[in-house]
Amino acid sequence: MRWPSRTLLAAAIAFGTLLPPALAYDFGRPATPDEIKLWDIDVRPDGKGLPDGSGTVAQGKQVFADNCAACHGDNGRDGIKDRLVGGQGTLASDMPIKTVGSFWPYATTLFDYIRRAMPYPTPGSLSVDETYAVAAYILSLNGILPADGKLDKASLSNIKMPNRDGFIPEAEFDPPRPGGKK
C-alpha cells in the first residue's frame, strides 16, 4: 500500500471513529413526564415513595404460592433461591443466615425489591396490592407481622426490623484515611 493510500485509510478510520459519538449527542428525545412516572418507583427507608394500596398476610400467602414458592420454597425456606425466613440471632455466629427477618434493616426495602425485581422471570408484574400482600406474608413468616396483619404505606413505614440498628449510617462512619487522618 502506498503512502497516500495509508494516509487516506487512516483518515477514514479516524473520521469513522470520531463522527458517531459526535452525532450521538442528538440521539433520542427527552422522556415525557408520564414515561418518567412509570420508572420513578423507588421507595426510601422512611417510606417516601410508597404507593397507595394494601395487602394482607392471607392474600400474600396465595400470591406467594402462585409466584414465589417455586424459587423460595413453600414457606420462604428450602427453595432453589435465597432463603427469606429465619436466621434471627445468627448474624454474629460462624454460620450467619441472612434473610429478610434477620438481616434487612428496613421493611420498605422489601416492598421496593419485590416491586422492582420479583417475581422471576416477570419482574414488575405484581400489582401494588399484591406486592403489599407478599411483603406482609414474608414479614409474617419472620414473626415481624401477625398472621392476621395488613400492610399499607403507613403501617409498612412504621415496622421496625430486628436488624434495624445493625447497620452504621454512612454519615456516622468515617473510616481512617492514609496517614491516620479522618
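A few points about this structure:
- Angle in degrees between helix 3-24 and the longest Cα principal axis of the chain, rounded to the nearest 10: 40 degrees
- Structure-based [θ]222 nm, the chain - -39500 (n - 2.57) summed over DSSP H runs of at least 4, per residue, nearest 500: -12000 deg cm²/dmol
- Against the main long axis of the alpha-carbon atoms of the chain, helix 128-141 sits at an angle near 50°.
- Under the convention that each Lys and Arg Cβ holds +1 and each Asp and Glu Cβ holds -1, the size of the dipole of the chain around its Cα centre is about 780 debye.
- A simple packing score, the average count of other Cβ atoms within 10 Å per residue, orders the peptides 144-154, 85-95, 130-140, 45-55 as 130-140, 144-154, 45-55, 85-95, with the highest score first.
- Given the choices (1) 52, 41, 26; (2) 46, 34, 30; (3) 82, 50, 34, Cα extents along the principal axes in Å derived from the coordinates of this structure is entry (3).
- Per-peptide average of other Cβ atoms within 10 Å, ordering 32-43, 105-116 highest first: 105-116, 32-43
- Local net charge near G47, Cβ-Cβ under 13 Å (Lys/Arg +1, Asp/Glu -1): -1
- Degrees, to the nearest 10: 57-67 long Cα axis against longest axis of the chain: 40 degrees
Values quoted throughout were computed directly from the atomic coordinates according to the rules given, and no laboratory measurement underlies them. The structure displayed is predicted, hence computed values, not measured ones. In this analysis, Cβ positions are derived from the backbone assuming ideal geometry, glycine residues included, and neighbour counts consider all displayed protein chains.
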